[in-house]
Amino acid sequence: MSVIPFSQALRERTRTDHSSSEGAGFMTDLMSGRGSRDDYIALVAQHYFIYAALEAAAESMRDDAIARCFISDDLTRLPALEQDLEFLLGDDWRAQIEPLPTTRRYVDRIDEVAGSWPGGFVAHHYTRYLGDLSGGQIIRTLMQRQFGFETNGVGFYLFDQIAKPREFKDRYREQLDGVGWDDAERARVIDEVALAYRFNTELFADLAHAREAQSSISAAG
Ligand code: HEM
């Protein structure tokens, strides 16, 4: 009997959730040149709230036997997000941004599970950072090309300390395979990853909605 490694089961069981996130209209617009610089900035702003929650959870999970295998300072994104927002919006960037409804729910969920349940922490950690090291690298190249960014503005996607993302991801998957969760816990973790994908997909819908609301205000004005 062959046993499917957990990382593979996780990837396969969430493939359609990934496709929904990847295929969200806001994202495909941005990727295909139909999005504006303001759209990109709106996305960066939402990332700020999400990573503040995720990285606060990492701080409280540093001594956890499971979570600590996945936590790496090389992944930390909050300082890069702060620099990007300062570059994109100016010194008073913090006063100009607020979380959209889905971001609030996403952050609430991270606060609820990721600081206390190792499987929940890993689920949220995996969904964001492995995504940033994968599709994130494609997004960075396209944003650099479309909006003329070099490093300022896309620092979030630049992992200076990770020279070979593929190797990093392979090691990460080995860690996932080595945790030794039983079937019930594996299923709970996969469900939490699916939930994390849903938050990301719904966030793109919120962003599209906010953009439409903004453009109708501009049209009316
Ligand atoms: C334009 C949007 C996106 C593109 C083009 C994209 C593309 C990709 C690609 C090509 C891979 C495979 C990389 C590999 O096999 O090493 C990947 C993996 C991944 N992506 Fe995305 N992605 C996008 C959006 C997202 C979003 C919104 C999320 C969730 C926040 C996400 C999370 C992930 C994760 C967790 C993986 C790793 C899967 C695994 O190997 O276990 N992606 N993405």
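The values are calculated or read from the model by the stated rules, or taken from the named source; none is laboratory data. Owing to the predicted nature of the structure, the values given are computational and were not obtained by experimental measurement. Cβ placement follows ideal geometry from the backbone for every residue including glycine, while neighbour counts extend to all protein chains displayed. Note: areas computed on protein heavy atoms with side chains; ligands, DNA, RNA excluded. Shrake-Rupley method; radii C 1.70, N 1.55, O 1.52, S 1.80 Å.
Before we move on, is TYR197 of a type in the set (Ser, Thr, Tyr) and within 14 Å of SER72 (Cβ to Cβ)? Quick ask: steps written out before the conclusion?
Numbers: of a type in the set (Ser, Thr, Tyr): yes; within 14 Å of SER72 (Cβ to Cβ): no.
In short, no.
Please report, ordered by residue number, the helices (runs of 4 or more DSSP H) entirely within region 61-163 with at least 1 residues that are farther than 17 Å from VAL193 by Cβ and without any contact (Cβ under 8 Å) to a residue 12 or more places away in the chain. Before the answer, list the steps.
Details: elements: 78-89, 93-96, 101-109, 118-132, 135-147.
Because the criterion is at least 1 residues that are farther than 17 Å from VAL193 by Cβ and without any contact (Cβ under 8 Å) to a residue 12 or more places away in the chain, the helices (runs of 4 or more DSSP H) in region 61-163 that meet it are 78-89, 93-96, 101-109, 135-147.
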Check your understanding: Residues in region 138-168 that are within 12 Å of the ligand (Cβ to nearest atom) and under 12 Å from LEU75 (Cα atoms): how many?
Key -> 3
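Restricting the search to region 32-53, which residues are within 16 Å of the chain's Cα centre (by Cα) and either surrounded by fewer than 18 Cβ atoms within 10 Å (Cβ to Cβ) or not small (Gly, Ala, Ser) (or both)? If you could, list the steps in order and put the result at the bottom.
Initially, region 32-53 is screened for residues within 16 Å of the chain's Cα centre (by Cα), giving 40-53.
Within region 32-53, TYR40, ILE41, LEU43, VAL44, GLN46, HIS47, TYR48, PHE49, ILE50, TYR51, ALA52 qualify.
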Review point. When region 98-135 is examined, which residues are found to be away from the ligand (no atom under 13 Å from the Cβ) and of a type in the set (Ser, Thr, Tyr)?
Key: SER116
Practice item. Identify all residues within region 14-43 that are more than 10 Å from the ligand (Cβ to nearest atom) and closer than 29 Å to TRP181 by Cα; write none if there are none. Key: THR16
Review point. Are any of the residues in region 125-132 open to solvent by 40 Å² or more (accessible area, probe 1.4 Å) and modelled with pLDDT of 95 or more?
Key: no
**Study point:** Any hit, region 158-169, residues being among the polar types (S, T, N, Q), within 25 Å of LEU85 (Cβ to Cβ) and surrounded by fewer than 17 Cβ atoms within 10 Å (Cβ to Cβ)
**Key:** yes
Practice item. Filter region 187-207 for residues that are surrounded by fewer than 18 Cβ atoms within 10 Å (Cβ to Cβ) and farther than 20 Å from VAL107 by Cβ and give the result. Key: ALA187, ARG188
